[in-house]
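The numbers here are math on the coordinates, done by the rules we state, and not lab data. None of these values were measured; they are calculated from a predicted model. Using ideal geometry, Cβ is built from the backbone for each residue, glycine included, and neighbour counts are taken over all protein chains shown.
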Amino acid sequence: MANQTPADTQSTLSIHSLPSARSDRPSQDPHDNLLETNARTSAEPPPIPDPSSTKQHQIYAAIRRRPIHVSPSITSAVDEDESGLSPIIPSPLRVRKPTPTPQPTVRVQMKTVRLLIASLGNPPPYHSTRHSAGHIIIKTMVQSLRLPALVKNKTLGNGLVSLGADAGRSEYTFWQSTSMMNVSGAGVMKAWKQFSAFHNDKDTVTGLIILHDELESHPGTVRLRRGESSPKGHNGIKSVQSSLKSAGLLSAMGDRFIKIAIGIGRPMSRERDDVSAWVLGQVTQVERAKLDAAAESALAVIQSEIIKLENS
């Protein structure tokens, strides 16, 4: 300090003698800052409105204030606000269509089916011959269905009968001819007339099925024919169709008259005596196995026919 000149001293004093900008400045009211901000804001020129947005706003405003006239038919479904200018119409997406009234289910009444299943063949001692294949398979069917054994019954053409009704299978009545093959028609016709008279209800469908052997088919083959089709040279079928036709029953039966042929094969020779010896010959073990299998196939065919008749 001793080396300072008078000029330096004066300069120093001048600096210290200046009032402090922070300490000597009077405190400022916060409201003053707000006033200054507002003043600057008001002094700035207002923004130029976008002509397109202004026009769009005016259109929206006009639409919002425009009254909507609602058809009287839907007035009840419209709710208006207090001003009456903006009715609220429910969205069609939210309007549920009325649930259709369910229609009653029409059930077709299935008919009751009753079948007379008759076998053709020769009486003992020819029950086990090829010509009596019908008798062989009818016994297998009765056993397969667990029905009563075939017994004498005078009410159905004096044949052997197994009543399915006795075992809860009323659709089946098995009947075995006791006549010689070539004259079996009369017994079948009598049994059928009695059977039809017993099941004459209007809701019941009856059918006659004939089981017989067929020379021209391989052993164990099952073939079905309906109505008045050709007997194919079978004398037993000729007798049956002739008897039914004479009684005026055959044409009325139509497809309800069914013939199921079981193949037994034929010999190499076409000589009459050779053919006769063949059909009256005993069934071999191999042939018997094929006949048992044929019985199951024939039974499946019969069950299919029952379903058709139920819906006829």
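Quick grid of which residues meet (1) part of a loop (DSSP other than H, G, I, E, B); (2) surrounded by fewer than 21 Cβ atoms within 10 Å (Cβ to Cβ):
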| position | (1), (2) |
| --- | --- |
| T105 | yes, yes |
| M110 | yes, yes |
| R114 | no, no |
| P125 | yes, yes |
| H131 | no, no |
| I137 | no, no |
| T140 | no, yes |
| Q143 | no, yes |
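Scan the range 114-122 and give yes if some residue there is under 33 Å from the mean Cα position of the chain (by Cα), touching a residue at least 12 places away in the same chain (Cβ under 8 Å) and over 23 Å from V222 (Cα atoms), otherwise no. Looking for residues that are under 33 Å from the mean Cα position of the chain (by Cα), touching a residue at least 12 places away in the same chain (Cβ under 8 Å) and over 23 Å from V222 (Cα atoms), one finds none in the range 114-122, hence no.
Scanning the range 215-233 for residues that are loosely packed, with under 15 Cβ neighbours inside 10 Å and at positive phi yields G227, G233. I'm trying to understand the selection: among the residues of the range 181-207, which are in contact with a helix residue (DSSP H, G or I) (Cβ under 8 Å, 6 or more places away or on another chain) and of a type in the set (G, A, S)? Of everything in the range 181-207, those that are in contact with a helix residue (DSSP H, G or I) (Cβ under 8 Å, 6 or more places away or on another chain) and of a type in the set (G, A, S) turn out to be S184, G185, A186, G207. Pairing each residue of the range 261-284 that is on the phi > 0 side of the Ramachandran plot with any residue that is assigned to a loop (DSSP other than H, G, I, E, B) and not small (G, A, S), provided the two are 6+ apart or on different chains, yields C-beta distances under 9 Å for G265/L215; G265/E216; G265/H218; G265/P219; G265/T221.
So for the range 255-277 (the condition being surrounded by 15 or more Cβ atoms within 10 Å (Cβ to Cβ), farther than 23 Å from M181 by Cα and not hydrophobic (A, V, I, L, M, F, W, C)), does at least one residue qualify? No: zero hits. Being surrounded by fewer than 16 Cβ atoms within 10 Å (Cβ to Cβ) and either hydroxyl-bearing (S, T, Y) or under 41 Å from the mean Cα position of the chain (by Cα) (or both) is a property that G248 lacks. Evaluating G236 against the criteria (1) surrounded by fewer than 18 Cβ atoms within 10 Å (Cβ to Cβ); (2) in contact with a His (Cβ under 7 Å, 6 or more places away or on another chain) leaves one unmet condition, (1).
Might you let me know whether the range 184-202 holds any residue that is more than 19 Å from V279 (Cβ to Cβ), assigned to a strand (DSSP E or B), in contact with a strand residue (DSSP E or B) (Cβ under 6 Å, 6 or more places away or on another chain) and free of Cβ contacts under 8 Å to residues at least 60 places away in the same chain? Taking every residue of the range 184-202 in turn, none turns out to be more than 19 Å from V279 (Cβ to Cβ), assigned to a strand (DSSP E or B), in contact with a strand residue (DSSP E or B) (Cβ under 6 Å, 6 or more places away or on another chain) and free of Cβ contacts under 8 Å to residues at least 60 places away in the same chain. Among all positions in the range 198-214, there is no residue which is loosely packed, with under 14 Cβ neighbours inside 10 Å and more than 19 Å from I306 (Cα to Cα).
Looking only at the range 223-259, which residues are part of a helix (DSSP H, G or I) and among the charged types (D, E, K, R)?
K238, K245, D255, R256
Of all residues being assigned to a loop (DSSP other than H, G, I, E, B) and at negative phi in the range 145-165, which is surrounded by the fewest Cβ atoms within 10 Å (Cβ to Cβ)? Just the residue, please. Restricting to residues being assigned to a loop (DSSP other than H, G, I, E, B) and at negative phi, the top hit is K154.
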